[in-house]
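Enquirer: The following block contains the structure, expressed as structure tokens.
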Amino acid sequence: MEPPVPPQEQPARPRSHTVTTTSSSFTANLSASSSTLAYDREFLRTVPGILMVTEIVLGLLVWTLIAGTEYFLYPAFGWVMFVAVFYWVLTVFFLIIYMTMTYTRIPQVPWTMVGLCFNGSAFVLYLIAAIVDASSVTKDLENHNYNSWAASSFFAFVVTFCYAGNTYFSFISWRSRTLQ
């Protein structure tokens with residue numbers, strides 16, 4: 001066998017000092033639009049904004065009052081926890097979207113329809129969860145969770161009415177957009 005032949009060194013090529021770059025209109029628009037983040041403090045002064053903050057604060061009360069008990073022994077409270085935590089997280093998400101005016105940067109999304117579907121589903125599922133919560137509260141002598149469950153039931157109904165109000169305002173907004 002013959003020993004391998006070492007690779008031949010190629011002569012160094014002169015390097016070009018010219019750099020050509022191209023930019024698409026998408027990347028130019030993206031970099032220009034994401035450079036500043038708007039903040040809409042006036043949203044918190046509107047009725048939907050006040051309702052959304054109320055949903056967040058009272059929704060937090062609903063699931064923390066239940067989470068501090070032995071809810072896992074009762075499957076009905078698992079459903080209430082799911083609805084309360086799920087819609088609490090999504091409501092915080094939508095509050096951030098509305099406060100930072102992100103919806104103006106993503107015009108492809110029909111935000112009025114999204115808001116209507118979100119608030120409508122939150123109203124229906126929270127109503128079911130509030131009824132389940134209220135019907136599951138029992139005053140057993142050995143049950144020390146009664147006060148927490150009763151309070152969570154009360155706040156669940158208040159949050160349900162807040163979502164109903166936001167559903168109404170979302171419907172009005174959606175209807176005014178579809179008539180234009």
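Enquirer: Select from region 30-46 the residues that are part of a helix (DSSP H, G or I) and open to solvent by 80 Å² or more (accessible area, probe 1.4 Å) and write down the one among them that is modelled with the lowest pLDDT. If you could, list the steps in order and put the result at the bottom.
Expert: Kept after step one, since they are part of a helix (DSSP H, G or I), are these residues of region 30-46: 30-33, 41-45.
If we keep only those that are open to solvent by 80 Å² or more (accessible area, probe 1.4 Å) too, we end up with 30, 41-42, 45.
Working: L30: 45, R41: 84, E42: 89, R45: 92.
Looking at the filtered set, the residue picked out is L30.
Enquirer: So, in region 110-126, how many residues would count as being open to solvent by 60 Å² or more (accessible area, probe 1.4 Å) and of a type in the set (A, V, I, L, M, F, W, C)?
Expert: Residues of region 110-126 that are open to solvent by 60 Å² or more (accessible area, probe 1.4 Å), as a first pass: 110, 113, 117, 123-124.
Next, from what is left, pick out any that are of a type in the set (A, V, I, L, M, F, W, C): 113, 117, 123-124.
The total comes to 4.
Enquirer: Just to be sure I understand the filter: pairs with C-beta atoms under 7 Å, separated by 6 or more residues or on different chains, first member in region 92-103 and open to solvent by 50 Å² or more (accessible area, probe 1.4 Å), second member in a helix (DSSP H, G or I) and of a type outside the set (F, W, Y). Which pairs pass?
Expert: Y103/I97
Enquirer: I would also like to ask the following. Among the residues of region 128-156, how many are under 21 Å from V89 (Cβ atoms) and open to solvent by 60 Å² or more (accessible area, probe 1.4 Å)?
Expert: Count: 1.
The values are calculated or read from the model by the stated rules, or taken from the named source; none is laboratory data. This one's a predicted model, so the numbers in the text were calculated from it and none came from an experiment. We place every Cβ from the backbone using ideal geometry, glycine too, and count neighbours over all the protein chains shown. Keep in mind that these areas ignore ligands, DNA and RNA; they rest on the heavy atoms of the full protein, side chains included. Shrake-Rupley method; radii C 1.70, N 1.55, O 1.52, S 1.80 Å.
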